[in-house]
1. Sort out which residues of segment 18-27 are in contact with a strand residue (DSSP E or B) (Cβ under 7 Å, 6 or more places away or on another chain) and either charged (D, E, K, R) or surrounded by 13 or more Cβ atoms within 10 Å (Cβ to Cβ) (or both), and write them in order of number.
2. So, in segment 16-69, how many residues would count as being part of a loop (DSSP other than H, G, I, E, B) and within 10 Å of the chain's Cα centre (by Cα)?
3. Tally time: how many residues in segment 38-49 are under 18 Å from residue 17 (Cβ atoms) and surrounded by 13 or more Cβ atoms within 10 Å (Cβ to Cβ)?
4. Looking at (1) β-branched (Val, Ile, Thr); (2) without any contact (Cβ under 8 Å) to a residue 40 or more places away in the chain; (3) exposed (fewer than 12 other Cβ atoms within 10 Å of the Cβ), which one does residue 33 not meet, given that it meets all the others?
Amino acid sequence: MAKVIHVHLTGKRKDYYFGSVSAVFTVLTPEEVGVSKSYLLHAGLSGGGTVVTKKAIIKQGCLITCPRG
């Protein structure tokens, strides 16, 4: 299964979905998210963790798809 990074911007009430932590910062700035790329890479999102900042809620989950065939 593929991983998905969900970023919910609390002030704008907007949701974004990314394929990696690095992809988050191609669209959003660290100021918009409230943390740096380095922090998120070491925050432990892979274990189902959640990072909550003053500006965003960041979670990692699995993308569920139908089997082929």
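The values are calculated or read from the model by the stated rules, or taken from the named source; none is laboratory data. Since the model is a prediction, treat every value here as computed from it, not as a measurement. Don't worry about glycine lacking a Cβ; one is built from the backbone with ideal geometry, like all the others, and counts go over all protein chains shown.
1. Residues satisfying the conditions are 18, 20, 21, 24.
2. Adding up the residues that qualify gives 2.
3. 3
4. For residue 33, the failing item is (3).
Matching residues to (1) at pLDDT 90 or above; (2) of a type in the set (D, E, K, R); (3) more than 19 Å from residue 2 (Cα to Cα):
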{"residue": "19", "(1), (2), (3)": "yes, no, no"}
{"residue": "35", "(1), (2), (3)": "yes, no, yes"}
{"residue": "47", "(1), (2), (3)": "no, no, no"}
{"residue": "53", "(1), (2), (3)": "yes, no, yes"}
{"residue": "62", "(1), (2), (3)": "yes, no, no"}
{"residue": "67", "(1), (2), (3)": "no, no, no"}
